[in-house]
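K.L.:
First, the structure itself, so that you have it in front of you.
The values are calculated or read from the model by the stated rules, or taken from the named source; none is laboratory data. Just so it is clear, the model here is predicted, and its values are computed rather than measured. For neighbour counting, all protein chains shown are included, and Cβ atoms are generated from backbone atoms with ideal geometry for every residue, glycine included. All accessible areas refer to the heavy atoms of the entire protein, side chains included, with ligands and DNA or RNA removed. Shrake-Rupley method; radii C 1.70, N 1.55, O 1.52, S 1.80 Å.
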Amino acid sequence: MEWWPQPAYWDNYAELFRVVPMGRYLVNSLIVLAVALPVTLLTAALAGFALSQLGAAWRRRLVDGSVALMLIPGMAVWTFRFHILEAMGLVDTLWALIVPAVAGGSPLFVLLFYWACWRIPSELYESARLDGAEAWTVWRRIAWPLVRPTAAAVAMLAFALYWGDFSTPVLYIFRPELYTLPIGLQLLRQMDSTNLPLLMAGSVLMTAPVVATFLVVQRLFLRDLTSSKGAE
């Protein structure tokens, strides 16, 4: 088996952008990611923090509800979401791919932030409140700095979610100039499913940013693990 061809042939990456408008699709994916990722982090972090501050009874109900929402397949809300986006006039726009981030992206992200905020000693929250800090200040000054490793994990998961999302553009985007990279990769496959070198080049273009993101944020995971072991 030849693991690395001699000589290496790099022209397939340029061919990607010639056969289909991958440049336009790349820009669309970056726009969605640049807006949806920060919104997801903010809303999921605030929701998780608020959940951790509730009383035991309500906290248990909402956590159970979040877990139950994770059991619902995504296709069950496709039609419902389409009607909402249509009523808002957002169908066939990039906002149709961004608006779901307002809900935190996924119940899993909210639960991850909830668990991270719940692990913080309650004395820290109480001390801040005794000093007159409001909920926003408590979250910004105490909770957020301590849950940054969780934020890194959620950021990586959200990056993979929005970057590789195929079904949402297929359902809500109709103009070709608004397609994203996963749609472009599918167009390549439909044009010539036997051109494996070109398809593999497209797969690398889709996969490499996700791998690079993990390599960047894994230091935060290791730092959190080291801190936990030190505390023990």
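K.L.:
Assuming GLY104 fulfils every condition listed in (1) open to solvent by 30 Å² or more (accessible area, probe 1.4 Å); (2) within 30 Å of ARG141 (Cβ to Cβ) apart from one, which condition is it?
P.N.:
Of the numbered conditions (1) open to solvent by 30 Å² or more (accessible area, probe 1.4 Å); (2) within 30 Å of ARG141 (Cβ to Cβ), the odd one out for GLY104 is (1).
K.L.:
If I filter the stretch 95-116 for residues that are at positive phi and out of contact with any Asp or Glu (no Cβ under 7 Å at 6 or more places or on another chain), do I get at least one hit?
P.N.:
Residues of the stretch 95-116 that are at positive phi, as a first pass: 104-105.
Then drop every residue that is not out of contact with any Asp or Glu (no Cβ under 7 Å at 6 or more places or on another chain), which leaves 104-105.
Yes, the conditions are met somewhere in the stretch 95-116.
K.L.:
Where the second residue is among the β-branched types (Val, Ile, Thr) and the first is part of a helix (DSSP H, G or I) and lies in the stretch 138-152, which pairs have Cβ atoms under 6 Å and are six or more apart or on separate chains?
P.N.:
LEU146/ILE120; ALA152/VAL217
K.L.:
Sticking with this structure for a sec: At negative phi, modelled with pLDDT of 90 or more and crowded, with 20+ Cβ neighbours inside 10 Å: which single residue out of THR180, THR150 fits that description? Step through it out loud before you land on a result.
P.N.:
Values: THR150 fails: modelled with pLDDT of 90 or more.
Every option except THR180 fails the conditions.
K.L.:
Looking at PHE17, PHE82, PHE109, PHE49, can you tell me which residue is assigned to a helix (DSSP H, G or I), among the hydrophobic types (A, V, I, L, M, F, W, C), open to solvent by less than 70 Å² (accessible area, probe 1.4 Å) and closer than 20 Å to THR180 by Cβ? Outline the logic, then answer.
P.N.:
Details: PHE17 fails: open to solvent by less than 70 Å² (accessible area, probe 1.4 Å); PHE109 fails: closer than 20 Å to THR180 by Cβ; PHE49 fails: closer than 20 Å to THR180 by Cβ.
Unique residue meeting the criteria: PHE82.
K.L.:
Out of the stretch 161-174, which residues are open to solvent by 30 Å² or more (accessible area, probe 1.4 Å), in contact with a Pro (Cβ under 9 Å, 6 or more places away or on another chain) and of a type in the set (A, V, I, L, M, F, W, C)?
P.N.:
Of everything in the stretch 161-174, those that are open to solvent by 30 Å² or more (accessible area, probe 1.4 Å), in contact with a Pro (Cβ under 9 Å, 6 or more places away or on another chain) and of a type in the set (A, V, I, L, M, F, W, C) turn out to be PHE166, VAL170.
K.L.:
Can I ask one more? Looking at the structure I just gave you, is ILE72 under 25 Å from the mean Cα position of the chain (by Cα), more than 30 Å from ALA135 (Cβ to Cβ), open to solvent by 50 Å² or more (accessible area, probe 1.4 Å) and of a type in the set (A, V, I, L, M)?
P.N.:
Working: under 25 Å from the mean Cα position of the chain (by Cα): yes; more than 30 Å from ALA135 (Cβ to Cβ): no; open to solvent by 50 Å² or more (accessible area, probe 1.4 Å): yes; of a type in the set (A, V, I, L, M): yes.
Taking the combined requirement at face value, the residue does not satisfy it.
K.L.:
Do you know which residues across the stretch 192-201 are at pLDDT below 85 and in contact with a Leu (Cβ under 9 Å, 6 or more places away or on another chain)?
P.N.:
Of everything in the stretch 192-201, those that are at pLDDT below 85 and in contact with a Leu (Cβ under 9 Å, 6 or more places away or on another chain) turn out to be ASP192, SER193, ASN195.
K.L.:
Taking the stated definitions as given, is TRP95 under 23 Å from ARG175 (Cβ atoms) and within 18 Å of the chain's Cα centre (by Cα)?
P.N.:
Considered against the rule, which asks whether it is under 23 Å from ARG175 (Cβ atoms) and within 18 Å of the chain's Cα centre (by Cα), TRP95 comes out as yes.
K.L.:
Something else: Evaluate the following for THR93: is it outside any helix (DSSP H, G or I) and surrounded by 12 or more Cβ atoms within 10 Å (Cβ to Cβ)? Spell out the reasoning first.
P.N.:
Details: outside any helix (DSSP H, G or I): yes; surrounded by 12 or more Cβ atoms within 10 Å (Cβ to Cβ): yes.
Judged against the criteria, THR93 is a match.
K.L.:
Any idea which residue in the stretch 113-133 is nearest to LEU62 (Cα to Cα), counting only those that are in a loop (DSSP other than H, G, I, E, B) and under 29 Å from the mean Cα position of the chain (by Cα)?
P.N.:
Going through the stretch 113-133, the residues in a loop (DSSP other than H, G, I, E, B) turn out to be 120-121, 131-133.
Those left that are additionally under 29 Å from the mean Cα position of the chain (by Cα): 120-121.
Numbers: ILE120: 19, PRO121: 21 Å.
If we take residues in the stretch 113-133 being in a loop (DSSP other than H, G, I, E, B) and under 29 Å from the mean Cα position of the chain (by Cα), then ILE120 is nearest to LEU62 (Cα to Cα).
K.L.:
Next question. Identify, by number, the condition in (1) within 26 Å of VAL99 (Cβ to Cβ); (2) open to solvent by less than 70 Å² (accessible area, probe 1.4 Å); (3) modelled with pLDDT of 85 or more that ALA57 doesn't meet.
P.N.:
Every condition holds for ALA57 apart from (1).
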